[in-house]
Amino acid sequence: MESNSGKVKTVFAPSKLGWAIILIVMLGVLAFSSYYFYSQYQKSKELVQIPQNAQSRVIIEAVGKLMELPQGEQPAIATVSDITKLQDQPFFANAQNGDKVLIYALAKKAILYRPGINKIINVAPVDLNSNPNLSSSSSGNLTATASATPR
């Protein structure tokens, strides 16, 4: 009869080589998962940017069907997000939240457009040299657009 007194049998005792292999496999899994999630992040950034450019193009095309637009420049497009801040300005007298403002800096023209009904609400000359806030002078000039939310 054999007795196992005092001896503990180990089921698994990896050697130094075993630990090295486990470490290499874990680093490989970590590197692969990092690359995978980074590439997914990059793809999602591209998908987010495309609709904004497409939306801008759609707005410009829609307004272009309603009136002749200045050639040779891309407009800055802003969305009216809080009409209460703009009510005292004549250019925005008939504006509503959600309206789009197309600002052509070189042509010095601002266009207020309502996408819901596909209608131009107002057009005014713009002067971008003075104040970075939206304001209209008594002559109807519009300065830059910071009160609306840029897109």
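Odds and ends about this structure:
- Selection within region 94-123 - surrounded by fewer than 18 Cβ atoms within 10 Å (Cβ to Cβ), aliphatic (A, V, I, L, M) and either touching a strand residue (DSSP E or B) at 6+ places or on another chain (Cβ under 8 Å) or under 14 Å from M67 (Cα atoms) (or both): A105, I120, V123
- Hey, Q87 assigned to a helix (DSSP H, G or I), modelled with pLDDT under 90 and either surrounded by 10 or more Cβ atoms within 10 Å (Cβ to Cβ) or not small (G, A, S) (or both) or not: no
- Restricting the first member to region 91-105 and to residues that are more than 15 Å from P115 (Cα to Cα) and without any contact (Cβ under 8 Å) to a residue 60 or more places away in the chain, and the second to residues that are of a type in the set (S, T, N, Q) and assigned to a loop (DSSP other than H, G, I, E, B), the beta-carbon pairs closer than 8 Å and six or more apart or on different chains are A93/Q87; I103/T145.
- Residues that are out of contact with any Phe, Trp or Tyr (no Cβ under 6 Å at 6 or more places or on another chain) and closer than 18 Å to R57 by Cα within region 94-108 comprise G98, D99, V101, L102, I103, Y104, A105, listed in sequence order.
- Filtered residue count, region 54-92, keeping only those that are closer than 21 Å to L128 by Cβ and among the aliphatic types (A, V, I, L, M): 10
The values are calculated or read from the model by the stated rules, or taken from the named source; none is laboratory data. If you're wondering where the values come from, they're calculated on a predicted model, not measured in any experiment. Positions of Cβ are generated from backbone atoms using ideal geometry, with glycine treated the same way; all protein chains shown enter the neighbour counts.
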